[in-house]
Amino acid sequence: MLPMRASSRSLQHHGGSAAACPVIDGNLVAPLDPAEPLDRSTAAQVRSSGLTTFKQTFGGSGDQDRAATDEELAQAFRAIALNPGVFSLVRGPADLLADARKGRVGIIPSFEAAEMLEGRLENIDHYRSAGVLVMGLSYNRATPFASGVLSQQSTGLTELGREAVHRMNSLGVTIDLSHSDEASSLAATGASIRPVVISHAGCAAVQPHPRNKSDTLLRSVADAGGVVGIYELSFLAPPPRQPTLDDYLTHLEHALAVCGEDHVGIGTDGGLLPFNTSPASMKAWNAVIARRKAAGVSAPGEGPPPFVIGLNRPDRYGVISQALRRRGLPSRVVEKVLGANFARTFAETWR
């Protein structure tokens, strides 16, 4: 049995209904098309996932300004509206579970970068009013707010960054530190009066990598009441090996041992639908990686597709649940990892 750190913030469960046991992915890409509704097969795959809610990133990867982001959000909201029987837009805590009872999956609009804020605090207000509930302070490179995990020289959290943290706190925006460097993240965690999240990352103690987080940072986020979501990227395993389910569970169990059962979740950072490994699909994927490298936002070792062997399927959450139970974790802990921890933290930060 893992050593579990207790917390008074635990969400109480009553029974096994969708309302009591949410399934929330901290970072996922949905099949959204603003031109036409999903076809029947794709809609069925979404419903088969078992998800109640997921957070989706908009605004690019450190390469998109406000105008382009405004247009992207408009198209995304249009796509959600075209699929009223499949998706719904999450606008606050009450929406986290309500639509699950209607068979719809809620989408939480979010940013992992900060370039669209253009270094202006008033743009935080603009996007919170537009419905963005989660925002970052930096992607892999530095911004006027904070350093990124690939910054050549760490600036840490700047004075403007501290003001941004306070503004996000006051407006009910969850702060996501997935792509900020350690100095910035520790400072932001200390400056925030509300819990922060690392919605998608791995554990550096298991596999060293700039995108994986130290135990010091993991503990800091947990001590502040936040959540760390474990992703499915290739950074979970030594390159060039594609990570396996065992690799994923090793990171997840390490995070549980460090953070405690109330502060760990799932943050896939890949697609809801299975990744297509056909030659044509891989050619397109490799072109994306090449563009990211040319733009200077690519993390070391990027290249393998974003999935874990054994989890490249919409219903990955059931696979993870069963695997954790086989390893002896009690149902209480499994339910928290599957979504209750993210539900609690989102509710606390959006009020």
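The values are calculated or read from the model by the stated rules, or taken from the named source; none is laboratory data. Owing to the predicted nature of the structure, the values given are computational and were not obtained by experimental measurement. Here the Cβ positions follow ideal geometry from the backbone for every residue, glycine too, while neighbour counts run over all protein chains shown. Accessible surface areas use protein heavy atoms only, side chains included; no ligands, DNA or RNA. Shrake-Rupley method; radii C 1.70, N 1.55, O 1.52, S 1.80 Å.
Quick notes
- Of the accessible area of the chain, computed with a 1.4 Å probe over protein heavy atoms only, carbon and sulfur atoms account for 54 percent.
- Exposure rank, largest accessible area first [Ser154, Ser138; 1.4 Å]: Ser154, Ser138
- For the chain, share of DSSP beta bridges that run antiparallel, in % to the nearest 5: 5
- With θ taken as phi - 60° and the Karplus curve 6.51 cos²θ - 1.76 cosθ + 1.60 applied, the whole-hertz 3J(HN,Hα) list for the stretch 301-310 is x, 5, x, x, x, x, 7, 9, 4, x Hz, x standing for glycine and proline.
- Each distinct pair of alpha carbons in the stretch 200-328 adds a 1/r term; the inverse of their mean, the Kirkwood radius, is 15.3 Å.
- Most to least accessible of Ser49, Ser278 (protein chains only, probe 1.4 Å): Ser278, Ser49
- Taking amide H positions as modeled 1.01 Å from N, with prolines and chain starts lacking one, the residues under 5 Å from Ser199 and 5 or more places away or on another chain are Leu177, Ser178, Gly229.
- The chain: relative contact order as a whole-number percent, Cα under 8 Å and 6+ apart: 21
- Table column - 3J(HN,Hα) (Hz), the stretch 206-217, Karplus curve with 6.51, -1.76, 1.60, x for Gly and Pro: 8, 9, x, 5, x, 8, 8, 9, 6, 4, 4, 5
- Put Asp262, Asp247, Asp125 in order of accessible area, highest first, and with a 1.4 Å probe you get Asp125, Asp247, Asp262.
- About its Cα centre, the dipole of the chain is roughly 800 debye, where the only charges are +1 on Lys and Arg Cβ and -1 on Asp and Glu Cβ.
- The Cα-based radius of gyration and maximum Cα-Cα distance (Dmax) for the chain are 18.5, 51 Å.
- Neighbour net charge for Ala323 - beta-carbon separation under 11 angstrom, K R +1, D E -1: +2
- A probe of 1.4 angstrom, applied to the heavy atoms of all protein chains, finds Lys55 with accessible area near 0 square angstrom.
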